[in-house]
Amino acid sequence: MTAYRYTTPILDALAFARMSMATDDPNPIHFDHQAAVRAGLPSVIGSGLFVMGLLDKAARSVAGDHAGYKFDIQMRGPVLPGRSLEISVVDDQDRFVVQVNDSAGGVVAKGRLHY
């Protein structure tokens, strides 16, 4: 049974740059297109913390605002601009399975939510 599902608006490079600056993450692959290309990426990418921020909303929807929770998440693919993300949390026999897919069909992150 799906406990939570959310689809983001289409993400852009500016959102990644803002998150990078807000979290004091100086890695240029999050805000400098040329640096990302030199690193072998097709463009700038969103950080893992960008994805975890979105997952916080999912956790609070499932576990409640005041519940303690933790994630066991594996990042599986890059978060690219021009795509949206679909976050789903599925109740699977007393455990919550989390998956983040991008609008191109790629799996961005996968894991479990515990609370």
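No value in this document is a laboratory result; all are computed from the given coordinates. The model shown is predicted, which means the values in this text are computed figures rather than measured ones. Quick reminder, even Gly has a Cβ in these numbers, built from the backbone with ideal geometry, and neighbours come from all protein chains shown.
Here are a few things to note about the model shown:
- Were the residues from Leu41 through Ser88 laid out at 0.36 nm apart, the gain over their Cα-Cα distance would be 14.3 nm.
- Under Karplus coefficients 6.51, -1.76 and 1.60, residue-wise ³J(HN,Hα) of the range 17-22 in Hz, glycine/proline x: 5, 4, 5, 4, 5, 5
- Calculated FRET value between Ala15 and Lys70, using beta carbons and R₀ = 25 Å, to 0.05: 0.50
- For the chain, built as a Gaussian network whose Cα springs stay under 10 Å, the top-fluctuating residue of Val62, Val37, Val90: Val37
- Estimated D of the range 20-101 in µm² per second, where Rh is the Kirkwood radius over Cα pairs and Stokes-Einstein applies at 37 °C, 0.692 mPa s: 229 µm²/s
- Placing +1 on the Cβ of every Lys and Arg and -1 on the Cβ of every Asp and Glu, with nothing else charged, gives the chain a dipole about its Cα centre of roughly 120 debye.
- Cβ-Cβ FRET estimate between Asp24 and Val97, R0 fixed at 25 Å, reported to 0.05: 0.20
- Between the amide H of Phe96 and those of Leu113, distances stay under 5 Å, these residues lying 5 or more places away or on another chain, with hydrogens modeled in the peptide plane.
- The helix-only estimate of mean residue ellipticity at 222 nm for the chain, built from DSSP H runs of length n ≥ 4 each weighted as -39500 (n - 2.57), is -8500 deg cm²/dmol after division by the residue total.
- Rounded FRET efficiency, nearest 0.05, which uses the C-beta distance separating Met52 from Lys110 and R0 of 22 Å: 0.95
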